[in-house]
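Working notes, beginning with the structure itself.
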Amino acid sequence: TKVTSLSELKVNFDGQARYTKPSIDNIVIDGIDRTRNVSAKEFSILEGRATATLSLEISLKNLVLDEEDDEEMLTDILLSPYLGLGYMNSLTTVEFDLNGTNYGYDETVQENNFGAVAGLDLIAPDYVTVNLEGQIFGNDRSASGGFNIKF
């Protein structure tokens, strides 16, 4: 029997955390370019994010099926646009010494914590997921993408 529903509304909750200690080779202080290695212990970023989104999961298979088509023969591909709200906060610590002068700041936090999230997932169940997403948090704007293959 053919499924008559072309879409399904879903509520999603997502949480992520990231910690990094990047290395930096070049520092600019007061407009003067000075080369200095900053060790990972002197520069770290801790970032956390939580989002709640509302998505519409659209079955592309059900859009193309006719009454006489065999539903089992086609792999379903899902298109899932989403929109939601997010909370993000980051803690950045930077400190280093250059020619006897101490520079840096400790535990600087993000000012605009709440924002909008919008994206699109393309899903071939059990195999592949492709994701495109945009975020706006105050004056901060970002875009990301992802590609997953499951074995």
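Gly146: net charge of surrounding residues, Cβ under 11 Å, Lys/Arg +1, Asp/Glu -1, itself excluded? Neighbour charge sum, excluding Gly146 itself: -2.
The 3J(HN,Hα) values that the Karplus relation (6.51, -1.76, 1.60; θ = phi - 60°) gives for the stretch 136-151 are, in residue order, 10, 10, x, 7, 8, 10, 8, 9, 9, x, x, 9, 10, 10, 9, 9 Hz. Gly and Pro appear as x. The H on the amide N of Ile77, modeled in the peptide plane, is under 5 Å from the matching H of Leu60, Lys61, each at least 5 residues off or on a different chain.
Where a number appears in this text, it was derived from the coordinates with a stated rule and is not lab data. Bear in mind the structure is a predicted one, so any value in this text is a computation, not a measurement. For neighbour counting, all protein chains shown are included, and Cβ atoms are generated from backbone atoms with ideal geometry for every residue, glycine included.
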